[in-house]
Amino acid sequence: MEVRINKKFSIIRKHAKGRKGSPQQRWWTPYLFVTPSFLIVFFIILLPLLFEFTMSTFDIRLQNMMNLKEVGINIFDFPKIFGDQFIGFGNYKEIITSKVFGSVFLRTVIWTVVNVFFHVVLGVWLAVLLNRKLPGKSIFRVLLILPWAIPEYVAAVTWKGMLNYQFGAINALLGKFGIPAINWLGDPTNTLIGATLTNIWLGVPFMMMIALGGLQGIPSDLYEAADIDGATGLEKFRHITAPLLKPVMVPAIILGVVWTFNKLSILYILKDGQPSDAVNILVLKMYRDGFDLYRYGYAAALSVVIFVILAVFSIVYLRANKTSMEEKL
């Protein structure tokens, strides 16, 4: 029996060795495995980007938008069908030279920075609390995750009711402390503040769960050694928790910036007919230009600008983080 098994395995090894040395398998096998992933990326990401960029070089409006049916997904048909509407980088020039773009871009940056800052700070703080031994910790964890599980549209409509000037729960709560009612939905600045509160409430659970997962991967021996050395809680967080949590939080922060930068639903629901340019962020302006003003070429150019801004931010942020980590090592 043992002789048969040895002979069988020797035959398998010889067969595997012969296949490994096959020159045909060496050059086409990797491409075979990569092809399905490449096709998915091409049709879901690259082709829409190429279509959007090509569309942004034409002046496509309501009058000629029906011609897009003839284009389909073949971007090479654009010059043939929309040849008279070709304007090159005219839409991009109009975006950059527009006074509205500067104010909307600044508002978008402030909106993104404030939201992500509170997402990270509150998320990490709650994660540190939940990482300790607390009575009823599982119940608190479920309650803190609930905002993330609620659909954005439902959450936005709920907060819109809570921010109502006459009957909202927020003004009723402020009245208990002698603070006069605030017209949250009637003033652009107050609307942005209300939308920020809503988005912070929605985004904190995601950062909390990411940070909690990272905290649970930190060895407890490090904290025990710090306790023996007499380190304070702040020193332990600064020298142990923050450095070891950083590799986990960097991708989460990038995702948070991209999601918040492109957050459409919250502001769209809360602005409720206010002058759009006074409340708009870039993605909301793109939506308004495309679906309210029917300037599809201009909206496509604005979407490309948003993509470039986020791509540049992600690359710069990742390189800066990599450089800082290499310097520490």
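Quick note: the coordinates plus some simple rules give every number you see, no bench work behind them. It should be emphasised that the depicted structure is a prediction, and the values quoted were computed from it without experimental measurement. Note that we place each Cβ from the backbone using ideal geometry, even for glycine, and neighbour counts take in every protein chain shown.
Our estimate of slack between residue 93 and residue 229, defined as 0.36 nm per intervening residue step minus the Cα-Cα distance, is 42.9 nm.
In this calculation the C-beta distance from residue 81 to residue 250 is compared with R0 = 56 Å, giving a FRET efficiency of 0.80.
Take each complete run of DSSP H in the chain, measure how far its Cα atoms stretch along the helix's own axis, and keep only those covering 20 Å or more with mean Kyte-Doolittle hydropathy at least 0.5; list them. Mind showing how you got there, number by number?
Working: long enough: 2-20 (27 Å, -1.16); 23-41 (29 Å, 0.24); 99-130 (47 Å, 1.83); 188-215 (39 Å, 1.19); 242-261 (27 Å, 1.74); 296-328 (48 Å, 0.98).
Membrane-span-like by this criterion, though nothing is claimed about a membrane: 99-130, 188-215, 242-261, 296-328.
Remark: the residue 33-residue 103 segment gains 20.5 nm on full extension, using 0.36 nm per residue and subtracting the alpha carbon distance. For the range 74-95, the residues whose amide N sits under 14 Å from a probe point set 7 Å from the Cα of residue 307 along the beta carbon direction are 75.
If we count chymotrypsin sites (Phe, Trp or Tyr not before Pro) as exposed when they sit in a DSSP loop and have at most 10 other beta carbons within 10 Å, what is the longest stretch of the chain that avoids them all?
Numbers: sites that count: 167, 177.
That gives 1-166 as the longest site-free run.
Near the amide H of residue 58, within less than 5 Å, lie the amide hydrogens of 87, all on another chain or at least 5 residues away, with H placed in the peptide plane. When the alpha carbon coordinates of the range 202-266 are projected onto the principal axes, the ranges are 50, 19, 17 Å, largest first.
Apply 1/(1 + (r/R0)^6) to the Cβ-Cβ distance of residue 62 and residue 142, taking R0 = 41 Å, and write down the FRET efficiency to the nearest 0.05. Don't skip to the answer; put the middle values down first.
Values: r = 48 Å, r/R0 = 1.18.
For residue 62 and residue 142, the calculated efficiency is 0.25.
Determine, for 246, 322, 99, the number of other Cβ atoms within 10 Å of each Cβ, and report the residues in order from fewest to most. Intermediate values should be presented prior to the final figure.
Working: 246 15, 322 11, 99 8.
Final ranking by Cβ density, sparse to dense: 99, 322, 246.
Pairwise Cα distances in the chain exceed 29 Å in 59 percent of cases.
Holding the Cα-Cα limit at 22 Å, pick out from 263/285; 246/322; 69/93; 69/99; 137/246 the pairs that are longer than that. Don't skip to the end; give the middle numbers.
Numbers: 263/285 12 Å; 246/322 11 Å; 69/93 27 Å; 69/99 34 Å; 137/246 25 Å.
Check vs 22 Å cut-off fails for 69/93; 69/99; 137/246.
Comparing 260, 241, 57 in a Gaussian network model of the chain (Cα springs below 10 Å), the most mobile by mean-square fluctuation is 241.
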